[in-house]
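Structure record follows, encoded as C-alpha cells.
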Amino acid sequence: MKGILLSFIRFLESHKIFKFNVNEFDSRLKLQKYVFLARFYGLDMKYSFSLYLHGPYSPSLADDYYHLDNVTPAPLPEGFRREDFLALVKGRDEKWLEAAATILAVYEYNRNISRERLIDIVTEIKSSFSRENIEKTLEDLKSAKLLDI
C-alpha cells in the first residue's frame, strides 16, 4: 500500500497539485483529503477514515506517510480516473478540501439524506464554515457527479 501512496504523492506533485512535506500540518491535512477523495475516482488504498476535527482522517494513512523512506513506488491502478480527479481538486485550498471530504463522509453514512439535512449536519460539524460555503462546495461535488441529491 505504501508503494501506491508514494506514487500518488508523486502524481500530485507532478501535476502541480501540491508538494508533500510530512513536517507541515497543512500538507498532511491536504494529503489526507486527497487520498479520501481519490477513492471516489477509483483509487481506493483501503484506508479507513473517521470524522475528526478537520474532516475525514485515517491514522493508518498517517502512519504510512511518516514511513515512506526506502519504499518502492507501485503503479497507480488503471481504474483511477486521473483527469476527473485532477479537475475536481486542482486549485482547491485546504478549506475546500476539508468541506468537500466532510460532505462526502457524511453522505456516505447517510445515503438517503436530503440535501437540506446534509447541509445542516455538515454546517453543524464544521461550525467555522459558513452555510453558503458548504452549499457551494456541495454544488461543486454535484457537478462532479459525486453526489446525487
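Going by the structure shown, is SER60 touching a Phe, Trp or Tyr at 6+ places or on another chain (Cβ under 7 Å) and among the hydroxyl-bearing types (Ser, Thr, Tyr)?
Considered against the rule, which asks whether it is touching a Phe, Trp or Tyr at 6+ places or on another chain (Cβ under 7 Å) and among the hydroxyl-bearing types (Ser, Thr, Tyr), SER60 comes out as yes.
Could you pull out every one of the helices (runs of 4 or more DSSP H) wholly within region 1-106 that has 2 or more residues that are modelled with pLDDT of 95 or more and hydroxyl-bearing (Ser, Thr, Tyr)?
2-14, 25-38, 59-65
Six or more apart or on different chains, Cβ under 7 Å: which pairs go from a residue in region 71-83 that's among the charged types (D, E, K, R) to one that's surrounded by 10 or more Cβ atoms within 10 Å (Cβ to Cβ)? Could you list them?
ARG81/TYR41; ARG81/GLY42
Quick test for you: out of SER27, SER58, SER50, SER14, pick the one residue that is of a type in the set (Ser, Thr, Tyr) and touching a residue at least 24 places away in the same chain (Cβ under 8 Å).
Sole residue among the options that is of a type in the set (Ser, Thr, Tyr) and touching a residue at least 24 places away in the same chain (Cβ under 8 Å): SER58.
Looking at region 83-132 only, could you name the residues that are surrounded by fewer than 17 Cβ atoms within 10 Å (Cβ to Cβ) and among the small types (Gly, Ala, Ser)?
Result: ALA87, GLY91, SER114, SER127, SER128, SER130.
If I filter region 107-149 down to residues being free of Cβ contacts under 8 Å to residues at least 24 places away in the same chain and part of a loop (DSSP other than H, G, I, E, B), which single residue comes out as farthest from LYS33 (Cα to Cα)?
ASN112
Please go through region 133-149 and give me each residue that is of a type outside the set (D, E, K, R) and exposed (fewer than 12 other Cβ atoms within 10 Å of the Cβ), ordered by number.
Scanning region 133-149 gives a single hit, SER143.
If a residue has to be surrounded by fewer than 17 Cβ atoms within 10 Å (Cβ to Cβ) and either among the acidic types (Asp, Glu) or in contact with a Gly (Cβ under 8 Å, 6 or more places away or on another chain) (or both) to count, how many in region 1-55 make the cut?
The number of residues fulfilling the criteria is 5.
Filter region 56-78 down to residues that are within 28 Å of VAL106 (Cβ to Cβ) and surrounded by 16 or more Cβ atoms within 10 Å (Cβ to Cβ) and give me whichever is nearest to the chain's Cα centre (by Cα).
PRO56
The values are calculated or read from the model by the stated rules, or taken from the named source; none is laboratory data. The shown structure was predicted, so the numbers you read here are calculated from the model rather than taken from an experiment. Here the Cβ is made from the backbone with ideal geometry for all residues, glycine too, and neighbour counts use every protein chain on show.
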